[in-house]
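Asks: Handing you a structure now.
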Amino acid sequence: MFLAAATLPQTTSATPSLLSSGGPMLWVLLLMGSAIVVLVAERVFYLHRARIRVREFVAGVKNILAKRRLAEALGVCEETPGPVAAVVKAALRHAEDDEAQLRHAVQEAAILGLPALEQRLGAVATIAQLAPLVGLLGTVLGMAATFNDFATGGVEYQTATALAHGMWQALLSTAGSLALAMLARVAQHFLASRVRAVVDDIEWAANDIMGYLLTEYRALPPTVEQKEGRP
């Protein structure tokens, strides 16, 4: 029990000692890792909100349109977040247009929604590519410190203890950069798969609602208000 209490301060001070031994590039890698955490957390939250139960949403819009309540269906799209609702809303706004105009409006809405989905993915990819280079620079600096000890040591041969600092700095930079690069690459592929899932939802919803508007919706009988010429 007393032995555990005696070793506790050494454990808690291990991380600051590790960072200080890793040289300046290890601090740069730490900042890059913090940036990855923030970017990934923001993207996961945004993409989670962008995904909806697309089949249930489109089915609900169709049920409203079956009663010829176009304004109500537009209101449902306005209240629903995400690019899928935006694409469906664009289709509803051109429900009475011909097929070419309807398709153009849907494609335009889908294209406008893509940049928001892919936002910050480039930053994650850049960090994944830069991390090994930063680690390589830290390795070179550590090796330079080692050879500097050879040149300025004042003796013909340096001991292992005297040269350990530069080698330890080089190894820490290499290990930190490889770990960060792997995590950033995994995060990039994860986010890309989430974006792909949302794009698939957009494509399915667009095709489904266009098919409905061009066939079933236009075959519906007019309402009493439409027969009487009222809006």
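The values are calculated or read from the model by the stated rules, or taken from the named source; none is laboratory data. Here the structure is a predicted model, which means the values were calculated and not measured. Cβ atoms come from the backbone with ideal geometry, glycine included; neighbour counts cover every protein chain shown.
Asks: For the stretch 186-196, check the following and say yes or no: at least one residue is outside any loop (DSSP other than H, G, I, E, B) and closer than 26 Å to K62 by Cα. Before the answer, list the steps.
Replies: If we filter the stretch 186-196 for residues that are outside any loop (DSSP other than H, G, I, E, B), which is where we start, we get 186-196.
Narrowing further to those that are closer than 26 Å to K62 by Cα: 195-196.
Within the stretch 186-196, one or more residues are outside any loop (DSSP other than H, G, I, E, B) and closer than 26 Å to K62 by Cα.
Yes/no per residue for (1) free of Cβ contacts under 8 Å to residues at least 12 places away in the same chain; (2) among the hydroxyl-bearing types (S, T, Y); (3) touching a Ser or Thr at 6+ places or on another chain (Cβ under 8 Å); (4) surrounded by fewer than 17 Cβ atoms within 10 Å (Cβ to Cβ):
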{"site": "E79", "(1), (2), (3), (4)": "yes, no, no, yes"}
{"site": "V84", "(1), (2), (3), (4)": "no, no, no, no"}
{"site": "K89", "(1), (2), (3), (4)": "no, no, no, no"}
{"site": "A95", "(1), (2), (3), (4)": "no, no, no, no"}
{"site": "Q101", "(1), (2), (3), (4)": "yes, no, no, yes"}
{"site": "H104", "(1), (2), (3), (4)": "yes, no, no, yes"}
{"site": "A109", "(1), (2), (3), (4)": "no, no, no, no"}
{"site": "A116", "(1), (2), (3), (4)": "no, no, no, yes"}
{"site": "R120", "(1), (2), (3), (4)": "no, no, no, yes"}
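Asks: Going through the stretch 92-148 one residue at a time, which ones are more than 29 Å from W204 (Cβ to Cβ) and of a type in the set (V, I, T)?
Replies: Passing the criteria: T126, I127, V134, T139, V140, T146.
Asks: While we're looking at this one, here's another question. For the stretch 147-169, does any single residue satisfy the condition of being surrounded by 17 or more Cβ atoms within 10 Å (Cβ to Cβ), modelled with pLDDT of 90 or more and within 21 Å of G23 (Cα to Cα)?
Replies: Looking through the stretch 147-169, none of the residues is surrounded by 17 or more Cβ atoms within 10 Å (Cβ to Cβ), modelled with pLDDT of 90 or more and within 21 Å of G23 (Cα to Cα).
Asks: Let me ask another. Based on what the data block shows, is R196 more than 18 Å from V38 (Cα to Cα), of a type in the set (K, R) and at pLDDT 85 or above?
Replies: Values: more than 18 Å from V38 (Cα to Cα): yes; of a type in the set (K, R): yes; at pLDDT 85 or above: yes.
So R196 passes the test.
Asks: Given the conditions (1) buried (at least 17 other Cβ atoms within 10 Å of the Cβ); (2) modelled with pLDDT of 80 or more; (3) under 22 Å from V28 (Cβ atoms), report the number of the one that A179 does not fulfil.
Replies: Single failed check for A179: (1).
Asks: Mind checking which pairs have a first residue in the stretch 51-73 that is of a type in the set (K, R) and a second that is part of a helix (DSSP H, G or I), Cβ under 6 Å, 6 or more apart or different chains?
Replies: From residues that are of a type in the set (K, R), the pairs are R51/V198; K62/Y212.
Asks: The conditions are (1) within 23 Å of Q119 (Cβ to Cβ); (2) touching a helix residue (DSSP H, G or I) at 6+ places or on another chain (Cβ under 8 Å), and A73 fails exactly one of them. Which is it?
Replies: Tallying (1) within 23 Å of Q119 (Cβ to Cβ); (2) touching a helix residue (DSSP H, G or I) at 6+ places or on another chain (Cβ under 8 Å), A73 fails exactly one: (1).
Asks: Evaluate the following for P132: is it closer than 28 Å to F190 by Cα, of a type outside the set (G, A, S) and not in a helix (DSSP H, G or I)?
Replies: The answer is no for P132.
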